[in-house]
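Input: a single structure, listed below in structure tokens.
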Amino acid sequence: MKIHEYQAKALLKKYGVAIQDGVAIKSIDEFDNAVNTLRERGVNQFVVKSQIHAGGRGKGTVYNKNNREEVVVQGGVKFFGSNVEGAREYAAKIIGNILVTHQSGAEGKEIQTLFIAEGLDYKKELYLSILLDRSNSKDVIMASTEGGVEIEKVAEETPEKIIKVWVEPGLGLQSYQARELAFGLQLEGSAFKDFTKFIMALYRAYLETDATMLEVNPLIITNDDKILALDAKIGLDDNALFRHKDYEALRDLNEEDPLEIEASKSNLNYIKLDGNVGCMVNGAGLAMGTMDLIKLAGGEPANFLDVGGTASAETVENGFKIILTDPNVKAILINIFGGIVRCDRVANGVIQASRNLNLNIPVVVRLQGTNAEEARQLLTDSGLNLIAADTLQDAADKVTQALAQAV
């Protein structure tokens, strides 16, 4: 689950991580109160930061929500120093409009929240992140002197500038590892000491929030040698939300795909893609393999849809409804392995859903496992536009053939 910068900073602050202060607002009417609140905290320089679930906000372009051709302003993050009037004018221009960045896609995201933050003077930008390295099942901390730049660019152009430290499970981050990172970042004096405290607190926050990823870019060294998170990005593990009941309130449904939200209500895992073959599969690995074979057979997957291990008539129908909301879908491939669920029961669900929804596009169905033969017979006898397939390769070939005939 993604959360906004201001939410991430609020979480980090609870763990003693030094952050850039700020106040989130949902309306321009709240701007003056936000500025006054920050002034009471001793802040006299201000930054206006748009809050969307995408990186590259500072280099993005804000477009008019009602006229997507009209550019409102360049940049979704701006520093105004003590110029409060300039900050208010800018905030009024961008809130409610669309910010397009290199990560948001061409459709962009509507700016519904602004973070009115303290402006800070600093002398150096660094990069810092924590995530799980699945290749060796250990958390890895990555740091670089090249802060403020996408880490992918650093990895491609100057990989030697990325420092990596792996944390042993059960031991946690050790003080010597914190010093190793500080040395790698060429820190010294009070900045060195402040960083070791910072990274220990940051790693604790990563663990205790059940984060999947924590990125601070840039991490800054202020003019008085303090280490502070100028930006923060946290991904939270959906599977651990039962341990953090209050985190559900951090979810911003406006930032998520409406179809993915609808699918989650039916316990379906759905991700929209750009192709024309709708996919309905039980199991993430099988779904990935199915999409690969569709591609190799000459088709283009339109989605990832995992209906889980117990594909009932209801889940199959809900899956059809979600797939069919995509106008690009010209054929559907269903690939179910009947281990937990019987294939004949799935076949009846497919037939029932096809009749209920009056499907008018070809549907290729490959069922393997318990009662697979009975299932194939049911599909053949249904009188519907359901094409039975034996193997996965057979299914991929048949769906691409059906596509060709539909054109």
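The values are calculated or read from the model by the stated rules, or taken from the named source; none is laboratory data. Note that this is a predicted model, so its numbers are computed, not measured. Every residue, glycine as well, gets a Cβ built from its backbone with ideal geometry; the counts of neighbours run over all protein chains shown.
Consider segment 1-29 and keep the residues that are charged (D, E, K, R) and at pLDDT 95 or above. The one that is nearest to R88 (Cα to Cα) is D29.
Residue pairs whose Cβ atoms lie under 6 Å apart, sitting 6 or more positions apart in sequence or on different chains, and linking a residue in segment 64-79 that is free of Cβ contacts under 8 Å to residues at least 60 places away in the same chain to a partner that is loosely packed, with under 13 Cβ neighbours inside 10 Å, are N64/E70. Put simply, of N318, N328, N335 the only residue that is under 30 Å from the mean Cα position of the chain (by Cα), of a type outside the set (A, V, I, L, M) and surrounded by fewer than 15 Cβ atoms within 10 Å (Cβ to Cβ) is N328.
Residues that are closer than 27 Å to Q103 by Cβ, out of contact with any Phe, Trp or Tyr (no Cβ under 7 Å at 6 or more places or on another chain), at pLDDT 95 or above and not acidic (D, E) occur at least once in segment 30-39. The set of residues from segment 205-262 being among the polar types (S, T, N, Q) and in a strand (DSSP E or B) comprises T212, N217, T222.
Condition test on K109, is it basic (K, R) and closer than 14 Å to D231 by Cβ?
Working: basic (K, R): yes; closer than 14 Å to D231 by Cβ: no.
No: the conditions fail for K109.
As for segment 323-335, it holds at least one residue that is free of Cβ contacts under 8 Å to residues at least 60 places away in the same chain, touching a Lys or Arg at 6+ places or on another chain (Cβ under 9 Å) and closer than 14 Å to M280 by Cβ.
Applying a threshold of 8 Å to beta carbon distances and a minimum spacing of six or more residues, or different chains, the list of pairs starting in segment 44-59 at a residue that is in contact (Cβ under 8 Å) with a residue 60 or more places away in the chain and ending at one that is in a helix (DSSP H, G or I) and of a type in the set (D, E) reads K49/E5; Q51/E5; I52/E255; H53/E255. Taken over segment 240-259, the criterion of being surrounded by fewer than 17 Cβ atoms within 10 Å (Cβ to Cβ), touching a residue at least 24 places away in the same chain (Cβ under 8 Å) and more than 28 Å from N97 (Cβ to Cβ) is satisfied by A240, L241, R243, H244.
In segment 117-147, the qualifying residues are those that are of a type in the set (S, T, Y) and not in a strand (DSSP E or B), and the one that is surrounded by the most Cβ atoms within 10 Å (Cβ to Cβ) is T145.
Among the residues of segment 268-294, how many are in a loop (DSSP other than H, G, I, E, B) and either of a type in the set (D, E) or more than 18 Å from the chain's Cα centre (by Cα) (or both)? So the count comes out to 5.
To keep it simple, each residue is scored yes or no on (1) within 29 Å of A205 (Cβ to Cβ); (2) in contact (Cβ under 8 Å) with a residue 24 or more places away in the chain.
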residue	(1), (2)
V62	no, yes
A92	no, yes
I98	no, yes
E118	yes, yes
Y122	yes, yes
S137	yes, yes
T145	yes, yes
G148	yes, yes
A155	yes, no
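Here is a yes/no grid of residues against (1) in contact with a Phe, Trp or Tyr (Cβ under 9 Å, 6 or more places away or on another chain); (2) surrounded by fewer than 19 Cβ atoms within 10 Å (Cβ to Cβ); (3) under 30 Å from F198 (Cβ atoms):
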site: R41; (1), (2), (3): no, yes, yes
site: A54; (1), (2), (3): no, no, yes
site: G81; (1), (2), (3): yes, yes, yes
site: E89; (1), (2), (3): no, yes, no
site: L99; (1), (2), (3): yes, no, yes
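Here segment 295-315 is the region considered, the condition is being part of a helix (DSSP H, G or I) and at pLDDT 80 or above, and the residue that is surrounded by the most Cβ atoms within 10 Å (Cβ to Cβ) is K295. Starting from residues that are among the small types (G, A, S) and surrounded by 19 or more Cβ atoms within 10 Å (Cβ to Cβ), keep the ones in segment 185-210 and report whichever is nearest to K138 (Cα to Cα). Only one residue tops the list, namely A205. Taking G172, is it surrounded by fewer than 18 Cβ atoms within 10 Å (Cβ to Cβ), part of a loop (DSSP other than H, G, I, E, B), in contact with a strand residue (DSSP E or B) (Cβ under 6 Å, 6 or more places away or on another chain) and touching a residue at least 12 places away in the same chain (Cβ under 8 Å)? The answer is no for G172. Summed over segment 159-169, residues that are in a helix (DSSP H, G or I) and either surrounded by 11 or more Cβ atoms within 10 Å (Cβ to Cβ) or touching a Ser or Thr at 6+ places or on another chain (Cβ under 8 Å) (or both) total 1.
Per the conditions (1) buried (at least 18 other Cβ atoms within 10 Å of the Cβ); (2) of a type in the set (A, V, I, L, M); (3) within 24 Å of G289 (Cβ to Cβ), the sole criterion not satisfied by A404 is (1). When you check A388 against the structure, is it in contact (Cβ under 8 Å) with a residue 12 or more places away in the chain and either surrounded by 17 or more Cβ atoms within 10 Å (Cβ to Cβ) or in a helix (DSSP H, G or I) (or both), yes or no? Spelling it out, A388 is indeed in contact (Cβ under 8 Å) with a residue 12 or more places away in the chain and either surrounded by 17 or more Cβ atoms within 10 Å (Cβ to Cβ) or in a helix (DSSP H, G or I) (or both). Within the option set Q368, Q393, being outside any helix (DSSP H, G or I) and of a type outside the set (V, I, T) holds for one residue only, Q368.
The single residue among I162, I130, I151, I111 that is in the same structural domain as A205 (by TED's automatic domain parsing), modelled with pLDDT of 95 or more and β-branched (V, I, T) turns out to be I130.
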